[in-house]
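Everything on this sheet refers to the single structure shown next.
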Amino acid sequence: MRALAAETSKLASLPAVWIATAAGVVVPGVIAAITASAALGAIDRGPAAIAAIDTGYQELAFGVVGAIILGVVAVSSEYVTESADSGGGRQITTSLTAVPSRLRFLLAKLSAIAISSAMLAITAAVTTMGVVRVVLGEHAPALGADDVPRLAGVACYWVYSALLAAGITVLTRHGVVPLAVLIANTSVVSVTYLLTKITPLANYLPDMAGVRMFIRKLADSTAEISPLTGGLVMTAWVTVLLVTAAISFTRRDA
Amino acid sequence: MTGGDASRSHVDVITIDNLVKRRGSREILSGISFRARPGRVTGFLGPNGAGKSSTLRILLGLDRATSGAALIGSVPFAKLPDPLAMVGAMLDGPGAHRARTGRAHLRWVARSAGLPRARVDEVLEVVGLTNAASKRVGAYSLGMGRRLGLATALLGDPEILVLDEPVNGLDPDGIRWIRTLLRERAASGRTVLLSGHLMGELAETVDDVVVVNEGKVVADGTLGEVTGAYRTLEDAFFALTTGAAS
Ligand SMILES: Nc1ncnc2c1ncn2[C@@H]1O[C@H](COP(=O)(O)OP(=O)(O)OP(=O)(O)O)[C@@H](O)[C@H]1O
Ligand SMILES: [Mg+2]
């Protein structure tokens, strides 16, 4: 499909996408190296200590910032105004003259985002689990059959997060606010996590529900949500947001 | 042969039919109607804020009209099966992301239409950007930006060109070059619609002139008809758009 080929080509030639890719691989990799070293110290001091069940996965929950940046910039790059020098246009005008069907354009863009964030998630997971294995050596938790659905959950979480970020940016038509809010929520202060302290309903917010797909021991969890339920809840959020974004995008002036 | 020409001219004509566009309580376009025909360069002229860009954006399906229609042949732009091969467009600026190189920009546009990579190098050559193709668009000058926009418009070797202020920012060489390019395309039977404020430059380029002011067409005809009794198109333009002696 030509529209998808064009969207993939756009992503590959955008420097911000490469920053997103680097963030997605480096962030969880480095955190994994640090936490695994600390865990190794603890294991060396006392034989009772063992590496936690979420080793590696916890780090991948942070690494999702890479997918979020990818989702935001893929859309916000369409709306960045060119320098006044070159006329002050925006890429969206070229995009929609090349692919005039709004729905087809949006589907192609979201597909490109989904494919690239899935590839990013796989790369990050391999890197992060590799780092854990290298640092912990024989103490690393063995990867078994149980890890297959968990790793699939990681990929799913990353793709959904990228799509949520993209959908929000379609509505805002500007990258700064969604980028700041979503990154802060993932890394600095998790507002959604703090909300779970106030109401258990906050456990059903997209990110809190989504991480259940692969995190087994959520600190101070205020609700029991199975991996499958968590995945379905996040799917529902993504669906609602993307439908809203598509309706807005197809109706308004570009 | 004549039959072929007739059917071709039918699909190549741009028809703007009673376009009205309201934004909030303001009426930006109040019933714009005109045609741009194959084999002719049509100049769409008017002062700042007259509604030129708004009309062209509706023609390209970027904005929706409150009422009226804008057609390529007999269909709206959005219904064209192969838009880039039918219409090449340039609006304000090249419509390229500033962090991408000129070549990377043209490549993704080419991919959207299934055009070969070699076509990208061809249009870069045509607009004289070959040496700047690996530079980021953000580093382009106004004139280079225009050239990239033109390269994008020419990519599909379209039957119709729609250009919003194409000469803006071009040096005298650039203006002469674009004039030659547009005349050649009209001479080969294609349709060219370009907007502009004026005048000196355009008088030598256009065959037909549509003058708009405050969202209404105030004159429509061949260059000779619109210039009429005035000494130059420029004099006619000022008389028509400032409401001075007619
Ligand atoms: N997105 C917008 N929102 C609100 N008003 C707008 C918008 N775009 C254009 N307008 C208004 O519509 C009117 C026509 O603008 P338009 O850009 O079509 O004029 P123009 O003939 O292209 O002018 P110029 O020669 O300056 O390019 C102007 O009064 C402008 O302020
Ligand atoms: Mg304009």
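Could you check, for segment A:139-155, whether at least one of its residues is more than 18 Å from A:Ile215 (Cα to Cα) and in a loop (DSSP other than H, G, I, E, B)?
Looking through segment A:139-155, none of the residues is more than 18 Å from A:Ile215 (Cα to Cα) and in a loop (DSSP other than H, G, I, E, B).
Which condition does A:Thr123 not pass, out of (1) open to solvent by less than 60 Å² (accessible area, probe 1.4 Å); (2) more than 17 Å from A:Arg216 (Cα to Cα), if it passes all the others?
So the condition that A:Thr123 fails would be (1).
Could you say whether any residue in segment A:46-55 is closer than 30 Å to B:Gly93 by Cα, open to solvent by less than 50 Å² (accessible area, probe 1.4 Å) and either of a type in the set (S, T, N, Q) or more than 8 Å from every other protein chain (Cβ to nearest Cβ) (or both)?
No, segment A:46-55 has no match at all.
For segment A:218-249, give me the residue count where each residue is open to solvent by 40 Å² or more (accessible area, probe 1.4 Å) and part of a helix (DSSP H, G or I).
The number of residues fulfilling the criteria is 12.
Under the condition of being assigned to a helix (DSSP H, G or I) and open to solvent by 20 Å² or more (accessible area, probe 1.4 Å), which residue from segment A:80-96 is modelled with the highest pLDDT?
Looking at the filtered set, the residue picked out is A:Ala84.
Identify the single condition in (1) within 16 Å of ligand 2 (Cβ to nearest atom); (2) open to solvent by 50 Å² or more (accessible area, probe 1.4 Å); (3) under 22 Å from B:Arg179 (Cα atoms) that B:Gly49 does not satisfy, given that it satisfies every other one.
Condition (3) is where B:Gly49 drops out.
Restricting attention to segment A:2-15, and to residues there that are within 7 Å of chain B (Cβ to nearest Cβ) and of a type in the set (Gly, Ala, Ser), which single residue is surrounded by the fewest Cβ atoms within 10 Å (Cβ to Cβ)?
A:Ala5
Got at least one residue in segment B:14-36 being surrounded by fewer than 18 Cβ atoms within 10 Å (Cβ to Cβ), away from chain A (no Cβ under 14 Å), more than 16 Å from ligand 2 (Cβ to nearest atom) and under 15 Å from the mean Cα position of the chain (by Cα)?
yes
I'm told B:Leu142 meets every condition in (1) away from ligand 2 (no atom under 16 Å from the Cβ); (2) surrounded by fewer than 23 Cβ atoms within 10 Å (Cβ to Cβ); (3) among the hydrophobic types (A, V, I, L, M, F, W, C); (4) within 20 Å of the chain's Cα centre (by Cα) except one. Can you identify the failing condition by its number?
(1)
Check whether at least one residue in segment B:161-172 is over 19 Å from B:Leu56 (Cβ atoms) and at pLDDT below 95, and report yes or no.
Checked segment B:161-172: at least one residue is over 19 Å from B:Leu56 (Cβ atoms) and at pLDDT below 95.
Which residue out of B:Ala69, B:Ala104 is away from ligand 2 (no atom under 13 Å from the Cβ), aliphatic (A, V, I, L, M) and either in contact with a Cys (Cβ under 6 Å, 6 or more places away or on another chain) or within 10 Å of chain A (Cβ to nearest Cβ) (or both)? Don't jump to the end; show me each part of the working.
Numbers: B:Ala69 fails: either in contact with a Cys (Cβ under 6 Å, 6 or more places away or on another chain) or within 10 Å of chain A (Cβ to nearest Cβ) (or both).
Answer to the selection: B:Ala104.
If A:Lys197 meets every condition in (1) in a helix (DSSP H, G or I); (2) surrounded by 12 or more Cβ atoms within 10 Å (Cβ to Cβ); (3) modelled with pLDDT under 95 apart from one, which number is that one?
(2)
Considering every residue within segment B:229-246, establish whether at least one is within 13 Å of B:Phe44 (Cβ to Cβ) and at pLDDT 85 or above.
No, the conditions are met nowhere in segment B:229-246.
Would you point out which residue out of B:Asp121, B:Asp157 is out of contact with any Cys (no Cβ under 6 Å at 6 or more places or on another chain), more than 18 Å from B:Leu194 (Cβ to Cβ) and more than 12 Å from every other protein chain (Cβ to nearest Cβ)? Talk me through it step by step, then tell me what you get.
Working: B:Asp157 fails: more than 18 Å from B:Leu194 (Cβ to Cβ).
The conditions single out B:Asp121.
Suppose we filter segment A:90-149 for residues that are touching a Ser or Thr at 6+ places or on another chain (Cβ under 7 Å) and not basic (Lys, Arg); how many remain?
11
Give all pairs with beta carbons closer than 7 Å in which a residue from segment B:206-218 that is on the phi > 0 side of the Ramachandran plot and within 12 Å of ligand 1 (Cβ to nearest atom) meets a residue that is hydrophobic (A, V, I, L, M, F, W, C) and open to solvent by 20 Å² or more (accessible area, probe 1.4 Å); count only pairs at least 6 apart in sequence or on separate chains.
Going by the 7 Å Cβ cut-off, the qualifying pairs are B:Gly215/B:Ile28.
Kindly indicate which of B:Gly156, B:Gly169 is in contact (Cβ under 8 Å) with a residue 40 or more places away in the chain and either within 16 Å of ligand 2 (Cβ to nearest atom) or in contact with an Asp or Glu (Cβ under 9 Å, 6 or more places away or on another chain) (or both).
That would be B:Gly156, the only listed residue that is in contact (Cβ under 8 Å) with a residue 40 or more places away in the chain and either within 16 Å of ligand 2 (Cβ to nearest atom) or in contact with an Asp or Glu (Cβ under 9 Å, 6 or more places away or on another chain) (or both).
State all residues of segment B:16-57 that are among the small types (Gly, Ala, Ser) and more than 7 Å from ligand 1 (Cβ to nearest atom); if no residue qualifies, say none.
First, pick out the residues of segment B:16-57 that are among the small types (Gly, Ala, Ser): B:24-25, B:30-31, B:33, B:36, B:39, B:43, B:46, B:49-51, B:53-54.
Hits for segment B:16-57 are B:Gly24, B:Ser25, B:Ser30, B:Gly31, B:Ser33, B:Ala36, B:Gly39, B:Gly43.
The values are calculated or read from the model by the stated rules, or taken from the named source; none is laboratory data. Source: prediction; values computed, not measured. FYI the Cβ positions are ideal-geometry reconstructions off the backbone, even for glycines, and counts take in every protein chain you see. For the accessible areas, the whole protein counts, side chains as well, though only heavy atoms, and no ligand, DNA or RNA atoms are used. Shrake-Rupley method; radii C 1.70, N 1.55, O 1.52, S 1.80 Å.
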